[in-house]
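The values are calculated or read from the model by the stated rules, or taken from the named source; none is laboratory data. Because the structure is a prediction, the values reported are computed rather than measured. With ideal geometry, Cβ positions are generated from the backbone for all residues, glycine too; neighbour counts draw on all protein chains shown.
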Amino acid sequence: MKTTAVMTRDVAVVSPTISVGGATHMMERLHIRHLPVVEGRRLVGILSDRDLLKHGSGVACADAMTISPVTCSPDSSVGRVAQLMLEYKIDSIPIVSASGALVGLVTSTDLLGLLVDREQAQILPFDFRLRLAQSEGEALALGA
């Protein structure tokens, strides 16, 4: 399956000159965690909610964004996108044309949506348990 089958095409974007404060408000209002940064239609970076936490609201997006983010082409497979997300520990991959124009965005939420059969949702056949640590030493033992 190609990325075009799962990518979000209606992508909110920001200019590099917009402030981090403005980008934060936009992300909160739209309930999103990633904002591609574009000049014209060309992708120049990406902002994640984690990037915003590191910078003050008066800083320009150009100074807070991840420059040269990992990208894929529209004809890449969904498997390749998932592989890159795991490899780089990221939650979104901009989809760009050969000319560098942003054409979409694939997020971890988009990929998880492929696993959910909304009509046939069922409880998975496994158990789990929560273990609460009462002390730091116990927390270290549980994490081992």
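Look at the range 3-15: where a residue is within 17 Å of residue 45 (Cα to Cα) and a partner is in a loop (DSSP other than H, G, I, E, B), sitting 6+ places away or on another chain with Cβ atoms under 8 Å, you get 12/32.
For the range 1-10, the set of residues classified as outside any strand (DSSP E or B) and of a type outside the set (Lys, Arg) consists of 1, 3, 4, 5, 6, 7, 10, listed by residue number. Among the residues of the range 11-22, those that are over 22 Å from residue 110 (Cα atoms) and outside any loop (DSSP other than H, G, I, E, B) comprise 19, 20, 21, 22.
Kindly indicate whether residue 48 is of a type in the set (Ser, Thr, Tyr) and either under 14 Å from the mean Cα position of the chain (by Cα) or within 18 Å of residue 20 (Cβ to Cβ) (or both). Steps first, please.
On the way: of a type in the set (Ser, Thr, Tyr): yes; either under 14 Å from the mean Cα position of the chain (by Cα) or within 18 Å of residue 20 (Cβ to Cβ) (or both): yes.
In short, yes.
Take the residues in the range 61-70 that are surrounded by fewer than 18 Cβ atoms within 10 Å (Cβ to Cβ) and of a type outside the set (A, V, I, L, M); name whichever of them is nearest to the chain's Cα centre (by Cα). Here the answer is 66.
Please determine, by comparing only the residues of the range 1-24 that are of a type in the set (S, T, N, Q) and in contact with a Pro (Cβ under 8 Å, 6 or more places away or on another chain), which one is surrounded by the most Cβ atoms within 10 Å (Cβ to Cβ). The residue in question is 3. Taken as a whole, the structure leaves residue 73 outside the set of residues that are among the hydroxyl-bearing types (Ser, Thr, Tyr), touching a helix residue (DSSP H, G or I) at 6+ places or on another chain (Cβ under 9 Å), surrounded by fewer than 18 Cβ atoms within 10 Å (Cβ to Cβ) and modelled with pLDDT under 95.
Select from the range 23-37 the residues that are under 21 Å from residue 58 (Cβ atoms) and without any contact (Cβ under 8 Å) to a residue 12 or more places away in the chain and list them in ascending order. If the condition is that a residue be under 21 Å from residue 58 (Cβ atoms) and without any contact (Cβ under 8 Å) to a residue 12 or more places away in the chain, then 25, 28, 29 are the ones that fit. Considering the range 25-60, and only residues there that are assigned to a helix (DSSP H, G or I) and in contact with a Ser or Thr (Cβ under 8 Å, 6 or more places away or on another chain), the residue that is surrounded by the fewest Cβ atoms within 10 Å (Cβ to Cβ) turns out to be 51.
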